[in-house]
Each structure stands twice: as structure tokens, then as C-alpha cells.
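One structure is given here, and the rest of the page talks about it.
Quick note: the coordinates plus some simple rules give every number you see, no bench work behind them. Quantities reported herein were computed from a predicted structural model and do not represent experimental measurements. When we count neighbours, we look across all protein chains shown, and the Cβ atoms used for this are built from the backbone with ideal geometry, even at glycine.
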Amino acid sequence: MNAEPVSLGGLDDAWRSLLAAAQEARGRAYTPYSRFAVGAAVRGGSGRIYTGANIENASSGLTVCAERVAVWKAIFESEQTLDALALITETGATPCGACRQVLSEFAADLPILVADTQGRVWMTSLAALLPDAFPRVSYAETDQ
Ligand code: THU
């Protein structure tokens, strides 16, 4: 995995509270199909935390990942940037490719903590997970 293992006990208060928020959010996932619950928490530039969990659908492609639920909430509440993400799953999975691109819209780089449900924790970053994100484009400056 493109992430460094870190010790749960060594996390500072900011990471601890972000992880606790993600853990709580995971309990609210709607996953009758996969039974794979994901909890996410992002910290916005204001310092506020926004949480999300995956919400599945009988029409599978309409499922929304935990990360995107959290990001939509943060941006809708007027956050301009994202400063950190914590994600927890049974397996310690990193964000999917689509979510990486969505995160890149609001953060040039972003420290990302991933955790599993056994207390294992890893640190990575958006730059490490998505080195060549599709860049933000100012359409006003492009030739039509
Ligand atoms: N899922 C997420 O919530 N985040 C990811 O980054 C990858 C996958 C969800 C979608 C689906 O509900 C379940 O995990 C299994 O793919």
C-alpha cells in the first residue's frame, strides 16, 4: 500500500478526533448490498469536521462513497478548502479513484489517515495517491 503504517497511540489530538468522527460515521452507512461500511471525516479550512458514510442503491452505480458524502457536506456548508481526511473500513482501504479526483478539486494536497477496524492506522496523502489529477480548469481562459 502507498501508505506508511503509524501507531494509533502516537496520533495527535487533531487526528484522534478526526478518526473518532469517521468511526462514528461508519456506523451510519447504508450498505444492504455489499455489507462493506465505510466512514469518512474531513476537516475543512475553518477547522470544522464533516462526516460521511457510503450510501448504496439497488441500482449499484448510484451508490455514493463515504468520502464524497463528507466532501459534499463540507463544500455545501461553505468550506473553501479541505485540510485532512480520515477514512475507516474493515480492511484499511484507501479512497477510490473517483473520490481522489473529487478531493483534488478542494485540496492541492491533503494528508489522509486510513484505519481498519482492528486499530491499524496508515498515513498517506492525496499527492501520493493521485499524482496526476485532472487539473482545475478556468474555462473562461480556454479557447472555445
Ligand atoms: N466505498 C466507499 O465508500 N469509499 C471508497 O473509497 C470505495 C468504496 C463504498 C462503495 C460501496 O458502498 C462499498 O464501499 C463497496 O464498494
Give, in nm to one decimal, the length gained when the segment between Glu105 and Gln80 is fully stretched (0.36 nm per residue of separation minus the Cα-Cα distance). 8.0 nm
Take the Cβ-Cβ distance between Val6 and Arg35 as r, set R0 to 30 Å, and report the resulting FRET efficiency rounded to the nearest 0.05. 0.60
The answer for the net charge of residues other than Pro111 whose Cβ lies under 13 angstrom from its Cβ, with Lys and Arg +1 and Asp and Glu -1, is -3
Quick one: what are the phi-derived ³J(HN,Hα) couplings along the range 89-94, Karplus 6.51/-1.76/1.60 with θ = phi - 60°, whole Hz, x for glycine and proline? 9, 4, 9, x, 5, 8
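As a check on your grasp of the helix formula, calculate [θ] at 222 nm for the chain: sum -39500 (n - 2.57) over DSSP H runs of n ≥ 4, divide by the residue count, round to the nearest 500.
-7500 deg cm²/dmol
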Would you mind getting the Kirkwood hydrodynamic radius of the range 50-129 from its Cα pairs, rounded to one decimal in Å? 13.1
Starting from the Cα of Met123, move 7 Å in the Cα-to-Cβ direction to define the label point; list residues of the range 75-115 whose amide nitrogen is under 20 Å from there. 82-89, 92-95, 107-115
Name the residues of the range 37-51 whose amide N is less than 17 Å from a point 7 angstrom out from the Cα of Arg136 along the C-beta direction? 43-47
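Please get the size of the charge dipole for the chain, origin at its Cα centre, with Cβ charges of +1 on Lys and Arg and -1 on Asp and Glu, quoted in debye to the nearest 20. Intermediate results must be reported in sequence, preceding the final value.
Working: 11 positive and 16 negative charges, 96 e Å.
In debye, rounded to 20, the chain gives about 460.
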Contact order normalised by length for the range 4-130, with contacts defined as Cα pairs under 8 Å and 6 or more residues apart; what percent is it? 25
For Asn54, net neighbour charge (Lys/Arg +1, Asp/Glu -1) across residues whose Cβ lies under 15 Å away: +1
By its C-alpha gyration tensor, with a ≥ b ≥ c as the square roots of the eigenvalues, how is the range 85-125 shaped: rounded for a/c under 1.5, else prolate for a/b larger than b/c, else oblate? prolate
Looking at Met1, Ala74, Gln118, which one has the Cα that reaches farthest to the positive end of the dipole of the chain (charges on Cβ: Lys, Arg +1; Asp, Glu -1)? Gln118
Let me check I have the definition right: for the chain, take the eigenvalues of the Cα gyration tensor, multiply each by 5, take square roots. What are those semi-axes in whole Å, largest first? 24, 19, 15
Phi-derived 3J(HN,Hα) across the range 22-34 with the Karplus relation (6.51, -1.76, 1.60, θ = phi - 60°), rounded Hz, x for Gly and Pro, is 5, 5, 5, 4, 4, x, 9, 5, 10, 9, x, 8, 8
